[in-house]
1. Apply the Karplus curve 6.51 cos²θ - 1.76 cosθ + 1.60, θ = phi - 60°, to the phi angles in the range 517-524 and return the couplings in whole Hz, x for Gly and Pro.
2. How much length would be gained if the chain were fully extended between residue 359 and residue 423, taking 0.36 nm per residue of separation minus their Cα-Cα distance, in nm to one decimal?
3. Residue 514 label point, 7 Å along Cα→Cβ, cut-off 18 Å on backbone N: hits in the range 297-315?
4. For the pairs 580/657; 499/618; 173/274; 499/538; 38/638, note any where the Cα-Cα span goes beyond 24 Å.
5. Which ³J(HN,Hα) values, rounded to whole Hz and listed in residue order, are derived for the range 227-235 from phi using the Karplus coefficients 6.51, -1.76 and 1.60 in 6.51 cos²θ - 1.76 cosθ + 1.60 with θ = phi - 60°, glycine and proline given as x?
6. Below 8 Å between Cα atoms, with a sequence gap of 6+, how large is the relative contact order for the range 660-704 in percent?
7. Going Cα to Cα from residue 64, which lysines come in below 20 Å? Please leave out same-chain ones fewer than 8 positions away.
8. Can you flag which of 382/543; 316/642; 207/359; 34/520 are past 32 Å Cα-Cα?
Amino acid sequence: MLSVKPFRNITRLCLCFLSLWLITNTASAQSADKFFPKSDLMPIGSYYYPEQWPHQYWARDIKKMAEVGFDFTHYGEFAWAFIEPEEGHFDFTWLDEAVELAHQNGIKVIMCTSSPTPPAWLEQKHPEVLVVNEDGMTMQHGSRQQCSWSSPVYRDYVAKMVTALAKHYAGDKRIWGYQLDNEPSHYGQYDYSPAAQVRFREWVKNKYKSIDTVNKVWGTAFWSIRYSSFDQIRIPNGKELIAQPSPHAVLDFRRFSSDEVTDFLGLQYNILRKYILPEQWITTNLMPEHAPVDPTRMTNLDFATYTKYLVAGYDKGLGPQGFRMGSPTSIAFANDLFRSINGTTGVMELQPGQVNWGKFNPIPMPGVVRMWIWHAFAGGNKFVCNYRFKEPLVGGEQYHYGILGPDGVTPTTSGLEYIKVIKELKSIKPYYQPDAQVPAAYHNRQAAVLWSADNRWEEDNQPQTYQWDYESHVMRYYGALKEMGAPVDVITEAKDFAKYPVMVAPAYELLDAKLVERWKTYVENGGHLVLTCRTGQKDRNAKLWEMKWAEPIYNLIGAKVPFYDLMPDTVQGTVKMLNKTYKWNTWADVLDPMPGTEVWAKYSNQFYAGRAAVINRKLGKGTVTFVGPDTHDGSLEKDVLKMVYREAGIPVADLPKGVIIEWRDGFWVGVNYSPKAYQVPIPATAKVLIGSRTLNTADVVVWKD
Ligand code: GAL
């Protein structure tokens, strides 16, 4: 077994951070489930911007919102210039009127802090608050999120504005909950401003205490990067460096950038919590895809919500019309990741129809907006909010759909789908049974996907091949689990592994002896662990082990990893398993099994033909499987997972790619992102509540056993 000694210092560091986290984290101690009575199922709402419309429209618009059937609306995330038109002069009269209009129409309000859109006077007076991007360009007023989370001046203004808002709406029951900022992410840009440089240095100092430790962990003897004091440290920025920066410094910068959002949100959270009612919740809305933010690190919230736009030209989906629907794993993965963070989540923004900012902006498939909402329901969301109620006539989001079209009164095609789905959700409410038990066959298939932003950041930075993509690698396993009808939680190491009969940890590059030991215990107690290529190569700071390649996992997987291979996309690597051939050319770990380890698949071409590609071993009451190659179509990954379940004696479903069936609060929900209709094997005794047993493309079926 691997010696624990070399890890002591790292463990000590981790413990130190854990206690720091426990001290500073006031939010997640609360259980987020308490905010949402289960019998409400999933309220639906829509964004409205009173400040963007003539005053005389407000009453008509909000009334219309109620007629459509929306349960709540969403105000204020971009309204700072209207809330504080002049420094220190706050004006809530207009917002009060909008809140009261919602209330009069039976609509609850999600109130937002408008930190992403500071008023022009602020930046004019304090240009030092602005973000500097990687090219050294200072961002300017004129859009949104141009201010640095690291700037003490900006933070000070944010704190004053949030305090004024919190005091003004303290105890106001018309407010359902609060959203902090909006998609805090700088939309994929990193901040290199002087303020960020200062805070990064402090973060590094706080983490490593001595400059010698920084030099050691970042490997600064390499190319004489060596620092003699903290003030020499700059954020590693490839654009201002001749060659590669230290990968260890880059990883720390990614962590810092994410922690900076957490800290910025924590500032706002703590102010609001002082004034608002205990039953009012605080969240923010995050894009799971955006690298600067790790949703699982957002601990200063009651829970995190996500935003989803599936049809914007980037996601091909399945079949010739898939670009109008998006991938089946898109909403599914967000559900399973965000719900697992704090037990509860909601969709804060869902695409209403055509958008304006995509690679190209096709019209979504008729019916698919309704299907997405049902998919969100299936995944346990506590609410869905549509982005946005009215199509804007001016500004940076012209051509963007709303529930109402440009005349401000006629529902768009997506608006009509919302009207339909809201009625459908109301129609199933009488069938809700609080004591409904999750069906055993479904529950038994429960799987965890162990996910880590650290691995993603590290592998994004050092992909080793232009074809490597951490997210796609994860999705091959995740998608296969969904096709097997398994409920999945996407979890981090902070969670208990024991309740999951199957756990997949894809490309888990960074680890320590403690994690290997936890995996071993998990398996010995009956868990079925699936590890994949790239796992175990480095320590938590991305240092390669001073051991054999990936040696820390050898005893666990029952094999050695003598080497790995990467090939051009014009050459096909082949793997054979049970007379079936699979193709790869992105990544392949070649394996040397130890005695007692079974070989499930072998490489069948290249100079290592005949050597092991997939292995499996029994350990205690469970099994460990290691998958060496990363295939393009995920077929090997799926067949391996099926074998793992078979070995474990857990029956699984066999759904076509694109069909997802999930159970929630007593309801079965099926959605279809595939180009073909699917006959859902619903028992004759079941009651079909929505749709029919023939599940068409972009359609929904809901039934009760
Ligand atoms: C989201 C953003 C919204 C709006 C929307 C348009 O990413 O949070 O504020 O811009 O996109 O599709």
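1. Listing the rounded values in order: 5, 5, 4, 4, 4, 4, 5, 4 Hz.
2. Numbers: separation 64, 0.36 × 64 = 23.04 nm, distance 3.35 nm.
Result: 19.7 nm gained on full extension.
3. Zone members listed by number: 297.
4. Beyond 24 Å between Cα atoms: 499/538; 38/638.
5. Karplus-based 3J(HN,Hα) across the range 227-235 equals 9, 10, 8, 4, 6, 7, 6, 10, 4 Hz.
6. Relative contact order, the range 660-704: 42 percent.
7. Straight-distance partners of residue 64: 108, 390, 420, 423, 426.
8. Violating the 32 Å Cα-Cα cut-off are 382/543; 207/359; 34/520.
Readers should treat all values here as calculations from the given coordinates under stated rules, not as data from a laboratory. Please read these numbers as outputs of a predicted model, since none were measured by experiment. Note that we place each Cβ from the backbone using ideal geometry, even for glycine, and neighbour counts take in every protein chain shown.
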